[in-house]
Amino acid sequence: MKQILFFLFFVSLNLNAQNMAEILGSLKESNKTKSMLKTSESQIVKNEFFTTQEAPNLGVTFANAKENANNGAEYSVGISQNLSHPFTIASKERGVNEFSKAIKQETIHELHLLKLDVVSKYHNSCVSKEMRDKATSLLDEQSKRFSQIQKAYEVGEISKKELLFNKLDLAKLRQNVNNYKRNYLSELASLQLLVDNLTLTEIDCNDVIAPARHVELKPLSEHDELKTIEYKNSASKAFYQVHDSLISSLGYELLYANELNTKKYTVGLSVPLGGLSSQKEKLKAEQFLLSSAYTFEKASMEVQIQNVSKASLSKIEAIYDEFTLLKEEILPLSQELANLSKSAFDEGEGNIMEYLDATRSYSLNLLGMLEVKKTYYYELFELYKKADLDFGENYAQ
């Protein structure tokens, strides 16, 4: 009956478990994602404000004149407008467009990092879940064996010291199980913080990618951060040309006036004497220095990405080799030794302590392998973030 209830409970959990595709699909509609997109759109609108012009000003006056010789109404209607950078419209538009591209690219990268954070925490949560389940299973097995140890002590096969040692070992394993449960809940809560429109109760974990030794890096020219810097540099160069024009603004005025019996038409044009001001040169210097800064920043980032990525690749390969050694050699040998010790004990050729030592060694190797697996996933997705790789991209399984 207990087995049936456990099976029904297990099936119920799996039916309600969220897989990675469902979580990532929810992330697209999350409040966090929407906030980032709306912030980006706001920045783009603010940037495009530079290409706009003020609307013309309409002026109307009315007066009633009384003089000795003439009496009558006087009025005037005028339109005036100031045009900013009228002769560099193409450069203005190019600068604004390039900077808008930089904003969009920056947002794409931020959303990409958010996605990788979710995938990374999903994998870490799954390993924590696996460690919790394996440790719980080991605890159940060791609890059953402890009854055998007590019987062995009662008939004098083992000493009280050996009994207490195994009792203490069982208590430590129970403590570790509680730690693994707490770690899993903590990892799940950390994942929940990133997905604010989906309540996570249990995760599926059947879609976790298998560890691989090699990850292929993509060309630096495709890196989102480097693209962003290049767009900003292009924008600065365009804005430099805007401020390099001889005439930074132009004002005009059209006026019609009726003064008693006299009609007047006025056309006015105002050109600022920019050459007498240092402001234009300062603006040019600002954009020139900013463009230079972007050039150096890009060169520095390229070297940094290359160096960090290579170091991460070497670390991942070393962790993978350790994981593979544990999984394919050490753990099978530990399992075989535990099985042989159990067979020997069942046939009366071995003692309980040899069997317990063998199973304890297997337990430690199993949990140690999972610890290495968790470290592998952490380092893998840190590389993905630094090298700007998409989930599953260039991943040789």
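Below are the figures for this structure:
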| item | result |
| --- | --- |
| Long-range neighbours under 6 Å by Cβ, at least six apart or interchain, first residue more than 11 Å from Ile23 (Cβ to Cβ) within the stretch 187-212, second of a type in the set (Phe, Trp, Tyr) and modelled with pLDDT of 90 or more | Pro211/Tyr320; Pro211/Phe323; Pro211/Tyr376 |
| Matching residues in the stretch 337-351 - criterion: being part of a helix (DSSP H, G or I) and touching a residue at least 12 places away in the same chain (Cβ under 8 Å) | Leu337, Ala338, Leu340, Ser341, Lys342 |
| The stretch 363-391: number of residues that are among the aliphatic types (A, V, I, L, M) and either under 19 Å from the mean Cα position of the chain (by Cα) or over 27 Å from Glu329 (Cα atoms) (or both) | 4 |
| Test: residue in the stretch 84-99 that is closer than 30 Å to Phe391 by Cβ and either modelled with pLDDT of 85 or more or surrounded by 15 or more Cβ atoms within 10 Å (Cβ to Cβ) (or both) | yes |
| The one condition in (1) under 21 Å from Gln335 (Cβ atoms); (2) at pLDDT 95 or above that Tyr122 fails to fulfil | (1) |
| Matching residues in the stretch 118-137 - criterion: being under 11 Å from Lys373 (Cβ atoms) and surrounded by fewer than 21 Cβ atoms within 10 Å (Cβ to Cβ) | Glu130 |
| Residue check, Ser334 assigned to a helix (DSSP H, G or I), within 30 Å of Leu380 (Cβ to Cβ) and within 32 Å of the chain's Cα centre (by Cα) | no |
| Breaking point among (1) buried (at least 16 other Cβ atoms within 10 Å of the Cβ); (2) closer than 25 Å to His109 by Cβ; (3) of a type outside the set (Gly, Ala, Ser), for His243 | (2) |
| Number of the exception - Tyr231 against (1) closer than 30 Å to Ile108 by Cβ; (2) free of Cβ contacts under 8 Å to residues at least 24 places away in the same chain; (3) among the aromatic types (Phe, Trp, Tyr) | (2) |
| Checking Ser84 against (1) under 30 Å from Asn258 (Cβ atoms); (2) in contact (Cβ under 8 Å) with a residue 60 or more places away in the chain; (3) small (Gly, Ala, Ser), the condition it does not meet | (1) |
| Yes/no for Val45 being at pLDDT below 90 and of a type outside the set (Phe, Trp, Tyr) | no |
| Criterion violated by Leu83 - all others in (1) assigned to a helix (DSSP H, G or I); (2) within 30 Å of Ser245 (Cβ to Cβ) satisfied | (1) |
| Residue that is outside any helix (DSSP H, G or I), surrounded by fewer than 15 Cβ atoms within 10 Å (Cβ to Cβ) and over 20 Å from the mean Cα position of the chain (by Cα), where the choices are Gly72, Gly78 | Gly72 |
| Sole residue being assigned to a helix (DSSP H, G or I) and at pLDDT below 90, chosen from Thr324, Thr359 | Thr359 |
| The stretch 8-39 - residue that is at pLDDT 90 or above and of a type in the set (Ser, Thr, Tyr) and, of those, farthest from Val127 (Cα to Cα) | Thr39 |
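The values are calculated or read from the model by the stated rules, or taken from the named source; none is laboratory data. Everything numeric in this text was worked out from a predicted model, so none of it was measured. Positions of Cβ are backbone-derived with ideal geometry, glycine not excepted, and every protein chain shown enters the neighbour counts.
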